[in-house]
Amino acid sequence: MTVTTEQQAALEKPLVVPAYFALFDFASAPVRVTNFNANFDWDGHQWSGLGAISKVSEVEESDGMTTKSLNFTLNVADTSLLALAAGAVEEYRGRAATMWMCPLDDQYRLIDEPQVCWRGIMDMMSLGIDGDEGQIVLKCETSAYGLKRQPSIRLNAAQQKKKYPTDTGLDYQNDMISNPVVWLSRRFQQI
């Protein structure tokens, strides 16, 4: 993440008040929230505050291709978020999520434009209880997460014939699986 010189100067102060903005691209409508205690008007939209995001897990970087998830704890009292969490997974799974960060000045105004600090996809939403309070946890993954999910490598005769119509190599696969043949004698297997 690159920041402007004014933002860097603010971040070097002993007391920094950062504002985080998160955009979740749900299928029905995008949701824009901030961790700040007031609503913000930025980028031509209003970003809901007042506890819409109560916690964000730590953003971790890695050298290799390992993926690090990011958990957003959202306000369960917001009925629209509650409906999304209890609804179908097609509403959020695999859809974009972006988070920006921007330090605020002494009057709680944005210093320059917020900078993208994390980008990924929404993976899982869960409803739960933390102490006496309910919570919605939205787990998001980086785009590298899709590389971990390998496609199924199973191949059957129909798939092979679709690609190579004259190939009969897998015609007996089902018979070989359902009727195993002992290749070694019992005596040899006991040694």
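Where a number appears in this text, it was derived from the coordinates with a stated rule and is not lab data. Remember, it's a predicted structure, so these values are computed and weren't measured experimentally. Don't worry about glycine lacking a Cβ; one is built from the backbone with ideal geometry, like all the others, and counts go over all protein chains shown.
Taking Lys and Arg as +1 and Asp and Glu as -1, the other residues whose beta-carbon sits under 15 Å from that of Phe40 total -3.
If you bin all the Cα-Cα distances of the stretch 42-136 at 10 Å, starting from zero, the percentages per bin are 12, 39, 35, 13, 0. Per residue, the chain reaches -4500 deg cm²/dmol at 222 nm when only DSSP H runs of four or more residues are counted, each adding -39500 (n - 2.57). When the Cα positions of Ile111, Phe24, Val56 are compared along the charge dipole of the stretch 20-145, Phe24 comes out farthest toward the positive end, with charges on each C-beta of Lys, Arg, Asp and Glu. What are the residues whose amide H is under 5 Å from the amide H of Ser54, where those residues sit 5 or more places off or on another chain and H is modelled from the backbone? Counting only residues 5 or more places away or on other chains, the set is Thr73, Leu74, Asn75.
Database remark: amide H of Lys68 closer than 5 angstrom to the amide H of Thr142 (H placed geometrically; neighbours at sequence offset of 5 or more, or on other chains; Pro and chain starts carry no H).
Computed over the Cα atoms of the chain, the ratio of the radius of gyration to the Kirkwood radius (Rg/Rh) comes to 1.24.
For the stretch 92-191, the calculated P(r) over all alpha carbon pairs, in 5 Å bins from 0 to the bin holding the longest distance, is 2, 9, 9, 8, 8, 9, 10, 8, 8, 6, 7, 6, 4, 3, 2, 1, 1, 0 percent. Of the GluC sites (Glu not before Pro) found in the stretch 1-101, those in coil by DSSP whose Cβ has at most 15 other Cβ atoms within 10 Å are Glu12, Glu58, Glu60, Glu61.
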